[in-house]
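Undergrad: Following this message is one structure expressed as structure tokens.
The values are calculated or read from the model by the stated rules, or taken from the named source; none is laboratory data. Please read all numbers here as calculations on a predicted model, not as lab measurements. Neighbour counts are summed over all protein chains in view; Cβ atoms, including those assigned to glycine, are modelled from backbone coordinates with ideal geometry. To get the accessible areas, we keep the full protein, side chains included, count just its heavy atoms, and leave off ligands, DNA and RNA. Shrake-Rupley method; radii C 1.70, N 1.55, O 1.52, S 1.80 Å.
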Amino acid sequence: MQKMEGEHTKLLLVTANVGSIFEDPEHMLKIWLKEFLAAVQEMEPGMVAIHCQEVGGKNYEASMQHVNQFVKAMLGSDELQKYDRARVFLDEDYTAADKFTALGNLYFIHECVEEVLIYDFIECKFLPVEGREVLSGNIENIQIKEKAKYPQNFFPEFKWSRKGFLRTRWNINNCVFDLINIHLFHDASNIVALQKTPSVYSENRYRALAHTLQRFETDQFEKVPYFLFGDFNFRLDLHSLLKDLTEKTEANEIRGKKNQISKLTYTDANNKVVLTIESKYFDHHEKHNEIFSNKDKILNKYDKELAAYTDRLFEYSIDFPPSYPFSEDVSDGLSYMKTRCPSWCDRILLSNTTKDIIYSDEKLKPKYDIIGKDLCMGDHKPVYLLLRLNKGKGKQLPVFDTQTSFERRKMLAHKISINGETVDFAHEQINIHDFAEFEKTEQLIPEFRFSIKSKSSMPVVRQTKLSEANDDVVFEEDKPKKTKSFQDIARQVYLMENALSRWPRRPRSRHHSSSSEDLAEDDKSRNGVDADDVSVHTDISELSDTENEVKIQDIAVANTNANSKSTDDSAVRKRSSAGPSLTNGNENEAAGKKDLSMKKNLSEKQNISMHVEGVGVHEHDPIKLKDTQAREGKNQERSGRKQRCPTCVVL
């Protein structure tokens, strides 16, 4: 089956509350990944959009480190190798309690899809999507997403929660739409939930969802079709359901503190308990799995929460059993846990405007179902919607020239950008959290903090993109730097001194200016060439190792002399007389003192050798040996450069 069918792009939407799979990464996470990737390989969509909730697990402080394994397994899987573009958003900064949502959006685009753009919500423009990029940790400043956490008054029973939404906007072959990940409030108590219709928890969810929809309808952005999918925590109308399930039974109440009901039991005519309900316990005993498998769809009439939004949202027919709460036993993929009344918590909803961009006929109808019907996928089964998008429908935008060569895209697919740093994804030791930032790093628990290596000590060779001008991307390796020794620092100082000594001498009468009119007439050399026009070689890497070693030895001698109580007066006199000639006597004296303090640690031999290496006759050095002048002439002819005496340089 082709990913592109004529004018249609196959789109796979998946919502998955992955909290429980991180509690058992050795078994449950592997099963989840295997089944999910098998489903992708079978359906062959052009774009895969996965919305995850509870990223890092319910005990996210300790389990957040396993997110690295999850993301790397997805990006490195054989099934997704032809998806050469990817964007991964992971809100993981649990130290930012007022912003943390634990939401994760993962998007993969197949190589057959031509034009793909993602929206910048700050610059209000679309950007081309190239390569694979992971954005993790604290993602508050990422501009290609919109994220919000629900105000505390939406769920006052809790001090704080991780509920909120994460939105991205896409342009796929000129079809524009939003993909919104959402996580709404759950039912805290079965006893409270069954007291009335609608329940108090249903009202909390309604308030949060209405707030979200109103925000999308009234914000400053263009209004486009959207897909809203995540963990809505929609529950069956428990008050109405119990009336039907316990029609011929007798209710018995057990009350606890403050005379509140702590347990309900329903017994039949033979005084046999058929149903037991507690705050976090729901057991229909012998008929539990039978009834909630929903083979005859008797439960659908109790799924009422979406009815309040029919003027804004719609959903395809539900023909699968409730997605929550399944057993977390890896050997049991069919049974429900007896903690909550099973319900369709995980949903994929669509705005009414999406009907204009979705292609459908009798043979190619959208498919709405769950993944891993017979396998343990955690307490939530992933729910998917497979559909086809019309090309060029929706809001019409000008065609962007974003498609580059196929070879370039394949090359970029082998790299991965993690929070702006490009690395070679083939390296097994990559940890995405090594590149993440957290608002309060000191509040990360040790188990998670110690799993994050410092960037300077990482053995991974990172690569920095140098050029995007051509189809061929150039990368420069940025290897970890070692601590410099004293010898390294000394060598660097002398190399720099040698390079600076070759810099052209500026006339003293000249001042810095950007205007050529400020140049004095005497700034020109005798042959009419400006001193600034002389080519000067300053590449310190080309200096010989022998010269470096000699200078290291010289500096060692100088340090020894500095620690000695006695000073060679003759050496001091010679060094002080070698400074530049100044017109003013006071300036000469001041310069001589300054030069004395800077050069007193150098040996006489070093002083003479450095000065003799200079080229040309200087006003302070009227006498030179003929063989020295001849040697300097040969050096100048061989190098082709105009050399200068290091003791005469005016910086």
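Undergrad: Please state which of the following conditions Cys124 fails to meet, knowing it meets all the rest: (1) within 15 Å of the chain's Cα centre (by Cα); (2) at pLDDT 95 or above; (3) open to solvent by 20 Å² or more (accessible area, probe 1.4 Å).
TA: That leaves (1) as the condition not met.
Undergrad: So, one more: Before we move on, is Phe165 at pLDDT below 95, of a type outside the set (Asp, Glu), in contact with a helix residue (DSSP H, G or I) (Cβ under 7 Å, 6 or more places away or on another chain) and surrounded by 14 or more Cβ atoms within 10 Å (Cβ to Cβ)?
TA: no
Undergrad: Taking the criterion of being over 30 Å from Thr95 (Cα atoms), part of a helix (DSSP H, G or I) and open to solvent by 10 Å² or more (accessible area, probe 1.4 Å), would at least one residue in region 173-187 satisfy it?
TA: Scanning region 173-187 turns up no residue that is over 30 Å from Thr95 (Cα atoms), part of a helix (DSSP H, G or I) and open to solvent by 10 Å² or more (accessible area, probe 1.4 Å).
Undergrad: Being within 35 Å of the chain's Cα centre (by Cα) and among the aromatic types (Phe, Trp, Tyr) is the filter; apply it to region 316-330 and report the residue that is most open to solvent (accessible area, probe 1.4 Å). It would help to see each step written out before you state the result.
TA: At the first step, the residues of region 316-330 found to be within 35 Å of the chain's Cα centre (by Cα) are 316, 322-330.
Next, only the ones that are among the aromatic types (Phe, Trp, Tyr) stay: 316, 324, 326.
Values: Tyr316: 63, Tyr324: 34, Phe326: 10 Å².
Among those that are within 35 Å of the chain's Cα centre (by Cα) and among the aromatic types (Phe, Trp, Tyr), it is Tyr316.
Undergrad: Moving on. Does Ala102 satisfy the criteria of being open to solvent by less than 10 Å² (accessible area, probe 1.4 Å), closer than 22 Å to Phe227 by Cα, in contact with a Lys or Arg (Cβ under 8 Å, 6 or more places away or on another chain) and in a loop (DSSP other than H, G, I, E, B)? Don't jump to the end; show me each part of the working.
TA: Values: open to solvent by less than 10 Å² (accessible area, probe 1.4 Å): yes; closer than 22 Å to Phe227 by Cα: yes; in contact with a Lys or Arg (Cβ under 8 Å, 6 or more places away or on another chain): yes; in a loop (DSSP other than H, G, I, E, B): yes.
It is true that Ala102 is open to solvent by less than 10 Å² (accessible area, probe 1.4 Å), closer than 22 Å to Phe227 by Cα, in contact with a Lys or Arg (Cβ under 8 Å, 6 or more places away or on another chain) and in a loop (DSSP other than H, G, I, E, B).
Undergrad: Is there any pair with a first residue in region 211-224 that is at pLDDT below 95 and a second that is in a helix (DSSP H, G or I) whose Cβ atoms are under 9 Å apart and which are 6 or more apart or on different chains, and what are they?
TA: Correct list of pairs: His211/Phe154.
Undergrad: Then there's this: Anything in region 225-274 that is assigned to a helix (DSSP H, G or I) and either among the aliphatic types (A, V, I, L, M) or open to solvent by less than 10 Å² (accessible area, probe 1.4 Å) (or both)? List them, or say none.
TA: We begin by selecting, within region 225-274, every residue assigned to a helix (DSSP H, G or I); these are 238-245, 257-259.
Listed by number, the residues that qualify are Leu238, Leu241, Leu242, Leu245.
Undergrad: Do you know which of the residues in region 402-422 that are assigned to a loop (DSSP other than H, G, I, E, B) and within 17 Å of Val88 (Cα to Cα) is modelled with the lowest pLDDT? I'd like the intermediate steps shown before the answer.
TA: If we filter region 402-422 for residues that are assigned to a loop (DSSP other than H, G, I, E, B), which is where we start, we get 402-405, 414, 419-420.
Now restrict to residues that are within 17 Å of Val88 (Cα to Cα): 414, 419-420.
Numbers: His414: 75, Asn419: 94, Gly420: 91.
The residue in question is His414.
Undergrad: When you look at Glu79, is it acidic (Asp, Glu) and in contact (Cβ under 8 Å) with a residue 60 or more places away in the chain, yes or no? Quick ask: steps written out before the conclusion?
TA: Details: acidic (Asp, Glu): yes; in contact (Cβ under 8 Å) with a residue 60 or more places away in the chain: no.
Answer is no for this residue.
Undergrad: Confirm whether Glu222 is under 30 Å from Lys82 (Cβ atoms), assigned to a loop (DSSP other than H, G, I, E, B) and open to solvent by 20 Å² or more (accessible area, probe 1.4 Å). Quick ask: steps written out before the conclusion?
TA: Values: under 30 Å from Lys82 (Cβ atoms): no; assigned to a loop (DSSP other than H, G, I, E, B): yes; open to solvent by 20 Å² or more (accessible area, probe 1.4 Å): yes.
Judged against the criteria, Glu222 is not a match.
Undergrad: When Glu140 is evaluated against the numbered criteria (1) open to solvent by 10 Å² or more (accessible area, probe 1.4 Å); (2) under 25 Å from Met47 (Cβ atoms); (3) at pLDDT 95 or above; (4) charged (D, E, K, R), which criterion, by number, is the only one it fails?
TA: Result: Glu140 fails condition (2) only.
Undergrad: Of the residues that sit in region 423-455 and are of a type in the set (Gly, Ala, Ser) and at pLDDT below 90, which one is least open to solvent (accessible area, probe 1.4 Å)?
TA: The selected residue is Ser451.
Undergrad: Here are some residues: Lys338, Lys297. Which one is open to solvent by 50 Å² or more (accessible area, probe 1.4 Å), at pLDDT 95 or above and part of a loop (DSSP other than H, G, I, E, B)? Steps first, answer last, please.
TA: Details: Lys297 fails: at pLDDT 95 or above.
Every option except Lys338 fails the conditions.
Undergrad: Now for a separate question. Within region 74-111, restricting attention to residues that are among the small types (Gly, Ala, Ser) and modelled with pLDDT of 95 or more, which residue is nearest to Ala38 (Cα to Cα)?
TA: Step by step, filter region 74-111, then rank; the result is Ala86.
Undergrad: Here are Leu306, Leu364, Leu313: which of them is surrounded by fewer than 21 Cβ atoms within 10 Å (Cβ to Cβ) and more than 36 Å from the chain's Cα centre (by Cα)?
TA: Values: Leu306 fails: more than 36 Å from the chain's Cα centre (by Cα); Leu313 fails: more than 36 Å from the chain's Cα centre (by Cα).
Just a single option satisfies the conditions, and that option is Leu364.
Undergrad: Follow-up question, since we're still on this one. Filtering region 321-335 down to residues that are touching a His at 6+ places or on another chain (Cβ under 7 Å) and part of a loop (DSSP other than H, G, I, E, B), which residue is modelled with the lowest pLDDT?
TA: Among them, the one singled out is Val330.
Quick grid of which residues meet (1) touching a His at 6+ places or on another chain (Cβ under 6 Å); (2) farther than 16 Å from Gln53 by Cβ; (3) among the aromatic types (Phe, Trp, Tyr):
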{"residue": "Ile144", "(1), (2), (3)": "no, yes, no"}
{"residue": "Arg169", "(1), (2), (3)": "no, yes, no"}
{"residue": "Asn174", "(1), (2), (3)": "no, yes, no"}
{"residue": "Ile180", "(1), (2), (3)": "no, no, no"}
{"residue": "Asp187", "(1), (2), (3)": "no, no, no"}
{"residue": "Ala208", "(1), (2), (3)": "no, no, no"}
{"residue": "Lys223", "(1), (2), (3)": "no, yes, no"}
{"residue": "Asp231", "(1), (2), (3)": "yes, no, no"}
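Undergrad: Within the set of pairs 6+ apart or on separate chains, which have a first residue in region 188-202 that is open to solvent by less than 20 Å² (accessible area, probe 1.4 Å), a second that is in a loop (DSSP other than H, G, I, E, B) and not small (Gly, Ala, Ser), and C-beta atoms under 6 Å apart?
TA: Close Cβ pairs (under 6 Å, with a partner that is in a loop (DSSP other than H, G, I, E, B) and not small (Gly, Ala, Ser)) amount to Ala193/Asp187; Tyr201/Asp187.
Undergrad: Just to check your reading of the model, which residue among Gly333, Gly378 is of a type in the set (Gly, Ala, Ser) and surrounded by 20 or more Cβ atoms within 10 Å (Cβ to Cβ)?
TA: On the way: Gly333 fails: surrounded by 20 or more Cβ atoms within 10 Å (Cβ to Cβ).
The unique qualifying residue is Gly378.
Undergrad: Something else now. Within region 30-56, which residues are crowded, with 22+ Cβ neighbours inside 10 Å and either at pLDDT below 95 or small (Gly, Ala, Ser) (or both)?
TA: Gly46, Ala49, Gly56
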